[in-house]
1. Per residue of A:72-79, how many C-beta atoms from partner chains lie within 10 Å of its own C-beta, taken as a mean?
2. Taking beta carbons within 10 Å but only from partner chains, what does the mean come to for residues B:11-18?
3. What percent does the relative contact order of chain B come to when contacts are Cα pairs within less than 8 Å and at least six residues apart?
4. When only alpha-carbon atoms are used, what values of Rg and Dmax, in angstrom, describe region A:61-188?
5. Shape call for region A:150-246 from the C-alpha gyration tensor, a ≥ b ≥ c root eigenvalues: rounded (a/c under 1.5), prolate (a/b greater than b/c) or oblate?
6. Sorting check: for B:51-63, A:26-38, which peptide has the highest mean count of neighbouring beta carbons within 10 Å, and how do the rest follow?
7. How much mean residue ellipticity at 222 nm does the protein assembly as shown get from its helices, if each DSSP H run of length 4 or more adds -39500 (n - 2.57) and you divide by all residues, to the nearest 500 deg cm²/dmol?
8. Where both partners of a DSSP beta bridge lie in chain A, what percent of those bridges are antiparallel, to the nearest 5?
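FYI, it's all coordinate maths here, none of it is from the lab. Given the structure is predicted, the values throughout are model-derived calculations rather than measurements. Here the Cβ positions follow ideal geometry from the backbone for every residue, glycine too, while neighbour counts run over all protein chains shown.
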């Protein structure tokens, strides 16, 4: 059907999940609201109806106090059934930091996290190399582009067994890696001991993405950078593109 | 009855806490200590019955341990 110029553009609708202990929910909410044509709302962890959304963000924080293992309890919260259904139907899900840990514990992304190699909570700016720019979360970056994004975590040491790693690499599921300023993935540029300098992975279908660094914290010059904006721009373009095609 | 659950990092998985402890022990005069692994111990009580073992096993798989990076074993004792 031809779209007349008067037709209103449908906003891209983001839902930001709030678990008890989430503390980057407002950062994520503010980041997406800084884009034109976006609707955003918070989703409480007890919500089960997730209608009318294009992308769900699982934000950073310390859900359920990080008891037992990071993300282990959040995985069982009522909303996660809906999040899984949403992802199974092709909806976009991005987990940032604790959100990534939750997606791993839920088995929605492959692998597991353990404590940083240096045993310390690491809070600093790191460089990331975009390994795959053919995902709905990274299409607005160049392949191989080096971006500056902060990390803040204690359990970001990504692990997967050999078979799993081979599958990830073969399917292009490693989306971002820790690197130095030149884009080299050196041991010194690996802040937490992650296998293969892996900072973020997606599922095989490409619609679920998790990463330890915080793109939502670099979406405004006033807080020190804008390298994270393309993550959300990519999501918005992907959703708008899908809507235009249907 | 009572279940005593022991969770340890899988063999071959780097355990930074264990390594740090291992490197500290010689400073106290304990030489030759190797393979220090730090895990978790969980105690829980559950109803007596034949199904108890299977239930604890399932609890470990689903929640208490993360089988990707952790091994577990448990014993059931009269509580």
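1. Across the residues of A:72-79, the mean count of other-chain Cβ atoms within 10 Å is 1.
2. Partner Cβ neighbours, averaged per residue: 3.
3. 54
4. 15.2, 43
5. Oblate.
6. Peptide ranking by packing, descending: A:26-38, B:51-63.
7. Working: 7 runs with 70 residues, N = 325.
About -6500 deg cm²/dmol.
8. Here the share of antiparallel DSSP bridges comes out near 55 percent.
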